[in-house]
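The values are calculated or read from the model by the stated rules, or taken from the named source; none is laboratory data. Since the model is a prediction, treat every value here as computed from it, not as a measurement. Here Cβ is always computed from backbone atoms with ideal geometry, including for glycine, and neighbour counts include all displayed protein chains. All accessible areas refer to the heavy atoms of the entire protein, side chains included, with ligands and DNA or RNA removed. Shrake-Rupley method; radii C 1.70, N 1.55, O 1.52, S 1.80 Å.
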Number of protein chains: 2
Amino acid sequence: MRVRWALEEIGQPYDVSLVPMARLKDPSHLARNPFGQIPTYEDSDVTLFESGAIILLLVQQHSGLAPKDAEGRARAIMWMFAALNTVEPPIVELEQADLTETDKSWYGEHRAAITARITARLDALSAWLGDREWLEGAFSAGDLMMVMVLRRLDGTGIVEQYPNLAAFVARGVARAAYRRAFAAQLAVFEESKTA
Amino acid sequence: MRVRWALEEIGQPYDVSLVPMARLKDPSHLARNPFGQIPTYEDSDVTLFESGAIILLLVQQHSGLAPKDAEGRARAIMWMFAALNTVEPPIVELEQADLTETDKSWYGEHRAAITARITARLDALSAWLGDREWLEGAFSAGDLMMVMVLRRLDGTGIVEQYPNLAAFVARGVARAAYRRAFAAQLAVFEESKTA
(Lines give C-alpha, C1' and ligand atoms only; values in the text may rest on other atoms or scores of the structure.)
Protein backbone atom coordinates (compact mmCIF):
# COMPACT_ATOMS: atom_id res chain seq x y z
CA MET A 1 0.00 0.00 0.00
CA ARG A 2 2.83 2.46 0.78
CA VAL A 3 4.41 2.15 -2.63
CA ARG A 4 1.06 1.98 -4.40
CA TRP A 5 -0.05 5.18 -2.71
CA ALA A 6 3.18 6.93 -3.68
CA LEU A 7 2.81 5.78 -7.30
CA GLU A 8 -0.76 7.07 -7.35
CA GLU A 9 0.34 10.44 -5.91
CA ILE A 10 2.80 10.93 -8.78
CA GLY A 11 0.47 9.41 -11.37
CA GLN A 12 2.85 6.72 -12.56
CA PRO A 13 1.41 3.47 -13.95
CA TYR A 14 2.70 0.22 -12.48
CA ASP A 15 2.27 -3.53 -12.64
CA VAL A 16 1.98 -5.76 -9.58
CA SER A 17 3.32 -9.29 -9.18
CA LEU A 18 2.12 -11.06 -6.07
CA VAL A 19 4.58 -13.13 -4.05
CA PRO A 20 2.82 -15.98 -2.22
CA MET A 21 3.83 -16.25 1.45
CA ALA A 22 5.25 -19.72 0.76
CA ARG A 23 7.65 -18.28 -1.82
CA LEU A 24 9.14 -15.50 0.34
CA LYS A 25 12.16 -17.64 1.21
CA ASP A 26 12.71 -18.95 -2.34
CA PRO A 27 16.23 -18.23 -3.63
CA SER A 28 14.80 -16.31 -6.59
CA HIS A 29 12.93 -13.97 -4.22
CA LEU A 30 15.82 -13.66 -1.76
CA ALA A 31 18.10 -12.61 -4.63
CA ARG A 32 15.89 -9.55 -5.07
CA ASN A 33 14.81 -9.12 -1.44
CA PRO A 34 17.41 -10.63 0.93
CA PHE A 35 15.18 -10.45 4.03
CA GLY A 36 12.36 -12.30 2.28
CA GLN A 37 9.95 -9.41 2.66
CA ILE A 38 7.62 -7.44 0.43
CA PRO A 39 7.58 -5.14 -1.47
CA THR A 40 10.28 -5.32 -4.12
CA TYR A 41 10.41 -2.59 -6.79
CA GLU A 42 11.76 -3.12 -10.29
CA ASP A 43 12.16 -0.61 -13.08
CA SER A 44 14.39 -0.81 -16.14
CA ASP A 45 17.40 0.46 -14.17
CA VAL A 46 17.23 -0.82 -10.62
CA THR A 47 15.76 -3.42 -8.26
CA LEU A 48 15.06 -2.21 -4.72
CA PHE A 49 13.63 -3.57 -1.49
CA GLU A 50 12.58 -1.52 1.62
CA SER A 51 9.51 0.60 1.01
CA GLY A 52 11.35 3.66 2.37
CA ALA A 53 14.07 3.30 -0.25
CA ILE A 54 11.54 2.71 -3.02
CA ILE A 55 9.48 5.77 -2.12
CA LEU A 56 12.63 7.87 -1.77
CA LEU A 57 13.57 6.92 -5.34
CA LEU A 58 10.12 8.06 -6.50
CA VAL A 59 10.57 11.32 -4.52
CA GLN A 60 13.81 11.95 -6.39
CA GLN A 61 12.54 11.00 -9.84
CA HIS A 62 9.13 12.68 -9.85
CA SER A 63 7.37 15.72 -8.48
CA GLY A 64 4.41 15.42 -6.15
CA LEU A 65 5.97 13.75 -3.11
CA ALA A 66 8.18 16.53 -1.72
CA PRO A 67 8.75 20.27 -2.13
CA LYS A 68 11.15 21.33 -4.90
CA ASP A 69 13.46 23.39 -2.64
CA ALA A 70 16.38 21.58 -1.01
CA GLU A 71 15.41 22.41 2.57
CA GLY A 72 11.80 21.34 2.12
CA ARG A 73 12.87 18.10 0.42
CA ALA A 74 15.34 17.27 3.19
CA ARG A 75 12.67 17.83 5.85
CA ALA A 76 10.09 15.73 3.99
CA ILE A 77 12.61 12.89 3.77
CA MET A 78 13.46 13.40 7.45
CA TRP A 79 9.85 12.63 8.36
CA MET A 80 10.01 9.42 6.33
CA PHE A 81 12.93 8.32 8.52
CA ALA A 82 11.10 9.47 11.66
CA ALA A 83 8.07 7.39 10.68
CA LEU A 84 10.13 4.29 9.92
CA ASN A 85 12.81 4.41 12.60
CA THR A 86 11.24 6.29 15.52
CA VAL A 87 7.47 5.78 15.37
CA GLU A 88 7.04 2.39 13.68
CA PRO A 89 9.32 0.09 15.76
CA PRO A 90 7.25 0.09 18.98
CA ILE A 91 4.10 -0.35 16.86
CA VAL A 92 5.62 -3.47 15.31
CA GLU A 93 6.45 -4.66 18.84
CA LEU A 94 2.80 -4.29 19.80
CA GLU A 95 1.71 -6.30 16.76
CA GLN A 96 4.18 -9.03 17.67
CA ALA A 97 2.95 -9.15 21.25
CA ASP A 98 -0.67 -9.31 20.09
CA LEU A 99 0.21 -12.12 17.69
CA THR A 100 2.49 -14.26 19.83
CA GLU A 101 2.05 -13.45 23.52
CA THR A 102 -1.68 -13.50 24.24
CA ASP A 103 -1.33 -16.86 26.00
CA LYS A 104 1.50 -15.67 28.27
CA SER A 105 0.89 -14.72 31.90
CA TRP A 106 2.93 -11.56 31.32
CA TYR A 107 1.11 -10.44 28.15
CA GLY A 108 -0.76 -7.61 29.89
CA GLU A 109 2.31 -6.28 31.65
CA HIS A 110 4.43 -6.37 28.49
CA ARG A 111 1.68 -4.86 26.38
CA ALA A 112 1.37 -1.94 28.80
CA ALA A 113 5.13 -1.28 28.56
CA ILE A 114 5.03 -1.30 24.76
CA THR A 115 1.97 0.92 24.71
CA ALA A 116 3.80 3.42 26.92
CA ARG A 117 6.65 3.50 24.38
CA ILE A 118 4.17 4.12 21.57
CA THR A 119 2.33 6.89 23.41
CA ALA A 120 5.63 8.59 24.28
CA ARG A 121 6.26 8.84 20.52
CA LEU A 122 2.71 9.90 19.74
CA ASP A 123 2.74 12.54 22.50
CA ALA A 124 5.75 14.10 20.76
CA LEU A 125 4.28 13.70 17.28
CA SER A 126 0.96 15.20 18.34
CA ALA A 127 2.74 18.14 20.00
CA TRP A 128 4.70 18.77 16.81
CA LEU A 129 1.68 18.49 14.55
CA GLY A 130 -0.45 20.84 16.65
CA ASP A 131 -3.01 22.28 14.27
CA ARG A 132 -0.88 21.83 11.15
CA GLU A 133 -2.55 20.08 8.24
CA TRP A 134 0.61 18.08 7.39
CA LEU A 135 3.94 17.59 9.18
CA GLU A 136 5.60 20.39 7.17
CA GLY A 137 3.75 22.73 4.80
CA ALA A 138 2.31 20.74 1.89
CA PHE A 139 1.61 16.99 1.80
CA SER A 140 4.78 14.94 1.23
CA ALA A 141 6.17 11.42 1.31
CA GLY A 142 6.86 12.08 4.99
CA ASP A 143 3.13 12.42 5.65
CA LEU A 144 2.41 9.39 3.47
CA MET A 145 4.79 7.23 5.50
CA MET A 146 3.59 8.57 8.86
CA VAL A 147 -0.07 8.00 7.97
CA MET A 148 0.70 4.42 6.91
CA VAL A 149 2.64 3.77 10.11
CA LEU A 150 -0.15 5.19 12.28
CA ARG A 151 -2.69 3.08 10.36
CA ARG A 152 -0.95 -0.01 11.75
CA LEU A 153 -2.58 1.00 15.06
CA ASP A 154 -6.09 0.70 13.60
CA GLY A 155 -8.26 -1.22 16.03
CA THR A 156 -6.11 -0.50 19.09
CA GLY A 157 -7.82 2.78 19.97
CA ILE A 158 -4.43 4.43 20.56
CA VAL A 159 -4.44 7.01 17.76
CA GLU A 160 -7.98 8.02 18.76
CA GLN A 161 -6.51 9.39 22.02
CA TYR A 162 -4.89 12.12 19.89
CA PRO A 163 -7.63 13.97 17.99
CA ASN A 164 -5.12 15.86 15.83
CA LEU A 165 -3.33 12.65 14.83
CA ALA A 166 -6.62 10.90 14.11
CA ALA A 167 -7.62 13.86 11.90
CA PHE A 168 -4.19 13.73 10.19
CA VAL A 169 -4.68 10.04 9.35
CA ALA A 170 -8.23 10.79 8.15
CA ARG A 171 -6.90 13.51 5.83
CA GLY A 172 -4.34 11.08 4.46
CA VAL A 173 -6.75 8.28 3.67
CA ALA A 174 -9.22 10.77 2.16
CA ARG A 175 -6.74 11.71 -0.57
CA ALA A 176 -7.80 10.60 -4.04
CA ALA A 177 -4.45 8.85 -4.57
CA TYR A 178 -4.85 6.84 -1.35
CA ARG A 179 -8.34 5.81 -2.34
CA ARG A 180 -7.20 4.70 -5.80
CA ALA A 181 -4.35 2.70 -4.24
CA PHE A 182 -6.68 1.12 -1.69
CA ALA A 183 -9.23 0.14 -4.34
CA ALA A 184 -6.49 -1.41 -6.48
CA GLN A 185 -5.11 -3.32 -3.49
CA LEU A 186 -8.56 -4.58 -2.55
CA ALA A 187 -9.19 -5.72 -6.13
CA VAL A 188 -6.06 -7.86 -6.00
CA PHE A 189 -7.22 -9.54 -2.79
CA GLU A 190 -10.67 -10.19 -4.23
CA GLU A 191 -9.14 -11.64 -7.39
CA SER A 192 -6.73 -13.88 -5.49
CA LYS A 193 -9.63 -15.19 -3.36
CA THR A 194 -11.58 -16.11 -6.51
CA ALA A 195 -8.54 -17.67 -8.20
CA MET B 1 28.92 8.44 16.07
CA ARG B 2 26.91 7.70 12.90
CA VAL B 3 26.91 11.30 11.72
CA ARG B 4 30.47 11.90 12.92
CA TRP B 5 31.68 8.89 10.96
CA ALA B 6 29.86 10.09 7.82
CA LEU B 7 31.37 13.57 8.19
CA GLU B 8 34.83 12.04 8.56
CA GLU B 9 34.31 9.88 5.45
CA ILE B 10 33.56 12.96 3.34
CA GLY B 11 36.20 15.08 5.07
CA GLN B 12 33.84 17.85 6.16
CA PRO B 13 34.68 19.83 9.31
CA TYR B 14 31.97 20.16 11.95
CA ASP B 15 31.27 21.54 15.40
CA VAL B 16 29.55 19.59 18.16
CA SER B 17 27.14 20.95 20.77
CA LEU B 18 26.30 18.49 23.52
CA VAL B 19 22.72 18.23 24.76
CA PRO B 20 22.58 17.14 28.40
CA MET B 21 20.09 14.32 29.04
CA ALA B 22 18.11 16.64 31.34
CA ARG B 23 17.58 19.11 28.47
CA LEU B 24 16.26 16.63 25.88
CA LYS B 25 12.66 17.59 26.67
CA ASP B 26 13.29 21.35 26.81
CA PRO B 27 11.06 23.27 24.39
CA SER B 28 14.13 24.74 22.66
CA HIS B 29 15.44 21.23 21.92
CA LEU B 30 12.01 19.85 20.97
CA ALA B 31 11.61 22.66 18.45
CA ARG B 32 14.62 21.25 16.59
CA ASN B 33 14.12 17.59 17.49
CA PRO B 34 10.44 16.85 18.24
CA PHE B 35 11.07 13.38 19.71
CA GLY B 36 13.66 14.74 22.15
CA GLN B 37 16.44 12.60 20.70
CA ILE B 38 19.96 13.13 19.45
CA PRO B 39 21.50 13.94 17.05
CA THR B 40 20.26 17.14 15.47
CA TYR B 41 22.11 18.53 12.43
CA GLU B 42 22.28 22.20 11.54
CA ASP B 43 23.89 23.86 8.54
CA SER B 44 23.23 27.29 7.09
CA ASP B 45 20.21 26.01 5.15
CA VAL B 46 18.46 23.31 7.14
CA THR B 47 17.93 21.76 10.57
CA LEU B 48 17.39 17.99 10.59
CA PHE B 49 16.83 15.23 13.11
CA GLU B 50 17.03 11.43 12.44
CA SER B 51 20.56 10.22 11.75
CA GLY B 52 19.33 8.46 8.60
CA ALA B 53 18.01 11.73 7.16
CA ILE B 54 21.17 13.61 8.13
CA ILE B 55 23.47 11.06 6.52
CA LEU B 56 21.28 10.94 3.43
CA LEU B 57 21.69 14.72 3.06
CA LEU B 58 25.47 14.26 3.26
CA VAL B 59 25.25 11.44 0.66
CA GLN B 60 23.47 13.83 -1.69
CA GLN B 61 25.73 16.84 -1.09
CA HIS B 62 29.17 15.18 -1.12
CA SER B 63 31.00 12.32 -2.75
CA GLY B 64 32.43 9.47 -0.70
CA LEU B 65 29.31 7.91 0.79
CA ALA B 66 27.68 6.33 -2.29
CA PRO B 67 28.50 5.48 -5.90
CA LYS B 68 27.95 8.24 -8.46
CA ASP B 69 25.67 6.19 -10.75
CA ALA B 70 21.93 6.33 -10.03
CA GLU B 71 21.50 2.58 -9.56
CA GLY B 72 24.44 2.29 -7.18
CA ARG B 73 23.24 5.29 -5.16
CA ALA B 74 19.72 3.92 -4.87
CA ARG B 75 21.04 0.57 -3.64
CA ALA B 76 23.40 2.19 -1.12
CA ILE B 77 20.47 4.20 0.26
CA MET B 78 18.34 1.04 0.29
CA TRP B 79 20.81 -0.56 2.69
CA MET B 80 20.54 2.46 4.99
CA PHE B 81 16.80 1.83 5.21
CA ALA B 82 17.38 -1.91 5.67
CA ALA B 83 19.75 -1.20 8.56
CA LEU B 84 17.36 1.23 10.24
CA ASN B 85 13.99 -0.34 9.58
CA THR B 86 14.65 -4.09 9.25
CA VAL B 87 17.77 -4.90 11.27
CA GLU B 88 17.83 -2.30 14.06
CA PRO B 89 14.31 -2.59 15.57
CA PRO B 90 14.71 -6.05 17.17
CA ILE B 91 18.16 -4.98 18.42
CA VAL B 92 16.57 -1.99 20.18
CA GLU B 93 14.01 -4.40 21.64
CA LEU B 94 16.83 -6.49 23.09
CA GLU B 95 18.44 -3.42 24.64
CA GLN B 96 15.11 -2.44 26.19
CA ALA B 97 14.61 -5.92 27.62
CA ASP B 98 18.15 -5.95 29.02
CA LEU B 99 17.55 -2.53 30.59
CA THR B 100 14.06 -2.92 31.97
CA GLU B 101 13.11 -6.61 32.28
CA THR B 102 15.98 -8.36 34.06
CA ASP B 103 13.92 -8.56 37.26
CA LYS B 104 10.91 -10.12 35.52
CA SER B 105 10.18 -13.83 35.75
CA TRP B 106 9.64 -13.86 31.98
CA TYR B 107 12.88 -12.06 31.05
CA GLY B 108 14.60 -15.21 29.76
CA GLU B 109 11.64 -16.30 27.69
CA HIS B 110 11.13 -12.86 26.17
CA ARG B 111 14.84 -12.38 25.53
CA ALA B 112 14.96 -15.69 23.64
CA ALA B 113 12.05 -14.60 21.42
CA ILE B 114 13.73 -11.28 20.64
CA THR B 115 17.06 -12.99 19.96
CA ALA B 116 15.30 -15.29 17.49
CA ARG B 117 13.98 -12.23 15.64
CA ILE B 118 17.47 -10.75 15.52
CA THR B 119 19.10 -13.94 14.27
CA ALA B 120 16.44 -14.32 11.58
CA ARG B 121 17.56 -10.92 10.26
CA LEU B 122 21.24 -11.71 10.65
CA ASP B 123 20.85 -15.11 8.94
CA ALA B 124 19.50 -13.23 5.92
CA LEU B 125 22.10 -10.49 6.10
CA SER B 126 24.95 -12.98 6.43
CA ALA B 127 23.63 -14.99 3.48
CA TRP B 128 23.49 -11.81 1.37
CA LEU B 129 26.95 -10.65 2.38
CA GLY B 130 28.60 -14.01 1.69
CA ASP B 131 32.22 -13.24 0.97
CA ARG B 132 31.58 -9.69 -0.23
CA GLU B 133 33.70 -6.99 1.38
CA TRP B 134 30.77 -4.54 1.59
CA LEU B 135 27.02 -4.92 1.00
CA GLU B 136 27.31 -3.67 -2.60
CA GLY B 137 30.58 -3.04 -4.40
CA ALA B 138 32.46 -0.19 -2.68
CA PHE B 139 31.95 1.08 0.88
CA SER B 140 28.86 3.29 1.21
CA ALA B 141 26.56 4.95 3.73
CA GLY B 142 24.61 1.67 3.68
CA ASP B 143 27.63 -0.15 5.12
CA LEU B 144 28.22 2.66 7.60
CA MET B 145 24.71 2.42 8.93
CA MET B 146 24.69 -1.40 9.01
CA VAL B 147 28.03 -1.52 10.86
CA MET B 148 26.74 0.96 13.45
CA VAL B 149 23.52 -1.01 13.91
CA LEU B 150 25.42 -4.29 14.33
CA ARG B 151 27.75 -2.60 16.83
CA ARG B 152 24.74 -2.16 19.11
CA LEU B 153 25.04 -5.93 19.65
CA ASP B 154 28.57 -5.59 21.09
CA GLY B 155 28.81 -7.67 24.22
CA THR B 156 25.90 -9.97 23.37
CA GLY B 157 27.98 -12.49 21.40
CA ILE B 158 25.33 -12.59 18.66
CA VAL B 159 27.31 -11.08 15.77
CA GLU B 160 30.22 -13.41 16.59
CA GLN B 161 28.02 -16.33 15.53
CA TYR B 162 28.35 -14.98 11.97
CA PRO B 163 32.06 -14.84 11.05
CA ASN B 164 31.41 -12.87 7.86
CA LEU B 165 29.31 -10.27 9.69
CA ALA B 166 31.92 -9.99 12.47
CA ALA B 167 34.58 -9.43 9.79
CA PHE B 168 32.35 -6.85 8.08
CA VAL B 169 32.01 -4.90 11.34
CA ALA B 170 35.76 -5.20 11.92
CA ARG B 171 36.44 -3.77 8.44
CA GLY B 172 34.10 -0.89 9.17
CA VAL B 173 35.64 0.11 12.48
CA ALA B 174 39.14 -0.25 11.01
CA ARG B 175 38.47 2.56 8.52
CA ALA B 176 40.49 5.70 9.16
CA ALA B 177 37.33 7.83 9.17
CA TYR B 178 35.71 5.63 11.82
CA ARG B 179 38.81 5.81 13.98
CA ARG B 180 38.94 9.61 13.71
CA ALA B 181 35.25 9.84 14.60
CA PHE B 182 35.66 7.48 17.54
CA ALA B 183 38.67 9.40 18.90
CA ALA B 184 36.76 12.67 18.62
CA GLN B 185 33.73 11.18 20.37
CA LEU B 186 35.91 9.78 23.16
CA ALA B 187 37.62 13.13 23.63
CA VAL B 188 34.22 14.77 24.20
CA PHE B 189 33.34 12.22 26.89
CA GLU B 190 36.70 12.66 28.59
CA GLU B 191 36.29 16.43 28.51
CA SER B 192 32.76 16.32 29.89
CA LYS B 193 33.92 14.04 32.73
CA THR B 194 36.63 16.55 33.66
CA ALA B 195 34.30 19.54 33.38
**Fill in**
Checked the stretch B:97-144 with the C-alpha gyration tensor, a ≥ b ≥ c its square-rooted eigenvalues, rounded below a/c of 1.5, otherwise prolate if a/b is larger than b/c and oblate if not; verdict prolate
**Message:** Which of rounded, prolate or oblate describes the stretch A:47-195 when judged by the alpha-carbon gyration tensor and an a/c cut-off of 1.5?
**Reply:** oblate
**Message:** I'd like the FRET efficiency for A:D154 and B:T156, computed as 1/(1 + (r/R0)^6) with the beta carbon distance as r and R0 of 41 Å, rounded to 0.05.
**Reply:** 0.75
**Prompt:** Hey, got the average number of other protein chain Cβ atoms within 10 angstrom for residues in B:111-122?
**Reply:** 1
**Message:** I'd like the distance separating the alpha-carbon centroids of the stretch A:1-51 and the stretch B:1-62, in whole Å.
**Reply:** 32 Å
**Complete:** With +1 on the Cβ of every Lys and Arg and -1 on the Cβ of every Asp and Glu, the dipole magnitude of the protein assembly as shown about its Cα centre, in debye rounded to the nearest 20, is 100 debye
**Prompt:** If we hang a label 7 Å off Cα along the beta carbon direction at B:S44, how far is it from the matching labels on the other copies, in nm, shortest first?
**Reply:** 4.0
**Asked** Within a Cβ distance under 15 Å of A:A70, other residues only, what is the Lys/Arg minus Asp/Glu net charge?
**Response** -3
**Item:** Per-peptide average of other Cβ atoms within 10 Å, ordering A:141-153, A:1-13, A:21-33 highest first
**Value:** A:141-153, A:1-13, A:21-33
**Asked** Rounded, prolate or oblate: which fits the protein assembly as shown when a ≥ b ≥ c are the square roots of the eigenvalues of the alpha-carbon gyration tensor, with rounded for a/c under 1.5 and prolate only if a/b beats b/c?
**Response** rounded
**Item:** Length gained when the stretch B:S17-B:H62 is fully extended (0.36 nm per residue, less Cα-Cα span)
**Value:** 13.9 nm
**Request:** In nm to one decimal, list the spacings between the B:L30 label point and its equivalents in the other copies, with label points set 7 Å along Cα to Cβ, shortest first.
**Result:** 4.6
**Prompt:** How far is B:E160 from the same spot in each other copy, in nm, shortest first, if each label point sits 7 Å from Cα toward Cβ?
**Reply:** 5.0
**Request:** Compute for chains A and B the buried accessible surface, both sides summed, probe 1.4 Å, and express it in Å² to the nearest 100.
**Result:** 3800 Å²
**Prompt:** If you place +1 on the Cβ of every Lys and Arg, -1 on the Cβ of every Asp and Glu, and leave all else neutral, what size is the dipole of chain B about its Cα centre, to the nearest 20 Debye?
**Reply:** 100 debye
**Complete:** Dipole check, the protein assembly as shown, charges on Cβ (K,R +1; D,E -1), about Cα centroid: among A:Y14, B:L165, B:H62 the Cα furthest to the positive pole belongs to B:H62
**Request:** Quick one: net charge around A:R111, please, counting Lys, Arg +1 and Asp, Glu -1 for every other residue with C-beta under 9 Å from its C-beta.
**Result:** -3
**Prompt:** If we sort B:102-110, A:160-168 on the protection proxy, mean other Cβ atoms within 10 Å, highest first, what's the order?
**Reply:** A:160-168, B:102-110
